[in-house]
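Q: Sending over a structure as C-alpha cells; questions will come in a sec.
Readers should treat all values here as calculations from the given coordinates under stated rules, not as data from a laboratory. The structure presented is a predicted model; accordingly, all values stated were derived computationally and were not measured. All Cβ positions, glycine included, derive from the backbone under ideal geometry; neighbour counts span all protein chains shown.
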Amino acid sequence: MHPLIAERWSARGYDATATIADDELAAILEAGRWAPTWGAIAPVRMIVGRRGDATFEALVGTMRRGNRSWAPAAAALVLVCTTNEPDDAMKHDYGAVDAGLALSQMILQAEALGFNGHPMAGFDKAAAAEAFTIPAQFRPLAVLAVGRIATDADAVPAEIRERDQQPRTRQPLDRVAFAGRWGDPFQ
Ligand SMILES: Cc1cc2nc3c(=O)[nH]c(=O)nc-3n(C[C@H](O)[C@H](O)[C@H](O)COP(=O)(O)O)c2cc1C
C-alpha cells in the first residue's frame, strides 16, 4: 500500500496548541472538493471551523460526550454534508458515497501535510442542522477532525492515550474480497 494509506489511523491524542495554516486547510478542503461524484452532481458541502472560532465551538457543542473528550484539541473541524433526497434513492445513496469519498480524500491530504484526519458520526445531526441553518435538501453526515498528533504523550489524558494504543485490526483480505461467489476468496 502507499505509505499515506498504510500509516493513516484515527488518532485522538491531538496537540491542543497546534494550528493549521490557511493554505493547509484549503488544500484539505480542495481534496474533498475534487473527489469523484456520482452524476457529476457534487452534492458535498462543508462547514469549517478552526479551534478558537465560533464555528468550531458550535461543532464541539453538537458532539457526543466521547468525542467531546478529545476532538476540541483538533486544529480544525469540518462538518461534511450531502444531499438529502429520501425520495430519490440514487441521489440519496450516492450522495452518501460522495461524502465518504470526500472524507477519504481529505483524510489522506491531511496525512500528506502531517496532520491526522479522524472522521466522526458521534454528533447531534439535528443540532448541527439547526446551528448552521442547513437547508432541508442537505444533511450533515460526519465531522472530520484535523489535528496534529501530540508529540508529548504526557500532555494527553491517560484515557485518550490508552484508546490510541489499542491495536488496529481488520478482517483478513480473503474474508472480505471474494470471486466466483460470495465467500470464496478472490485468490
Ligand atoms: C463513518 C465513521 C464514523 C466514525 N465515528 C467516530 C466517532 O464518532 N468517534 C470516534 O472516535 N471515531 C469515529 N470513527 C473512527 C473509527 O472508530 C475508526 O476509523 C475505526 O476504529 C478504525 O480505526 P482506524 O481509522 O484507526 O483504522 C468513525 C469512522 C467512520 C468511518
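Q: Determine the sum of side-chain charges near Met63: Lys and Arg each +1, Asp and Glu each -1, restricted to other residues whose C-beta is under 13 angstrom from that of Met63.
A: On the way: positive: Arg12, Arg64, Arg65, Arg68, Lys125; negative: Glu57, Asp124.
Surrounding charge for Met63 is +3.
Q: Between the alpha-carbon centers of region 1-48 and region 140-173, tell me the distance in whole angstrom.
A: 16 Å
Q: Note down the net charge around Val80, summing +1 for each Lys or Arg and -1 for each Asp or Glu among other residues with Cβ under 13 Å from its Cβ. Can you show the working numbers first?
A: Numbers: positive: Arg33, Arg45, Lys125, Arg139; negative: Asp98.
With Lys, Arg at +1 and Asp, Glu at -1, the neighbours total +3.
Q: Let me know the longest stretch in the chain that avoids all chymotrypsin sites (Phe, Trp or Tyr not before Pro) found in a DSSP loop with at most 11 other C-beta atoms within 10 Å. Spell out each step's value before the answer.
A: Working: sites that count: Trp182, Phe186.
Answer - 1-181.
Q: Looking at the chain, which longest stretch skips every one of the trypsin sites (Lys or Arg not before Pro) that is in a DSSP loop with at most 13 other Cβ atoms within 10 Å, leaving the sites themselves out?
A: 65-167
Q: Now, a different point. In region 1-135, if every C-alpha pair distance is counted and binned at 5 Å from zero, what percent goes to each bin?
A: In whole percents, the pair-distance histogram is 2, 10, 19, 22, 22, 15, 7, 3, 0.
Q: For labels at Arg170 and Thr17 in the simple 7 Å Cα→Cβ model, what's the distance in nm?
A: Result for the modelled spin labels: 3.6 nm.
Q: log₁₀ I(q)/I(0) of region 12-54 at q = 0.32 Å⁻¹, via Debye over equal Cα point scatterers, no solvent, to two decimals?
A: -1.19
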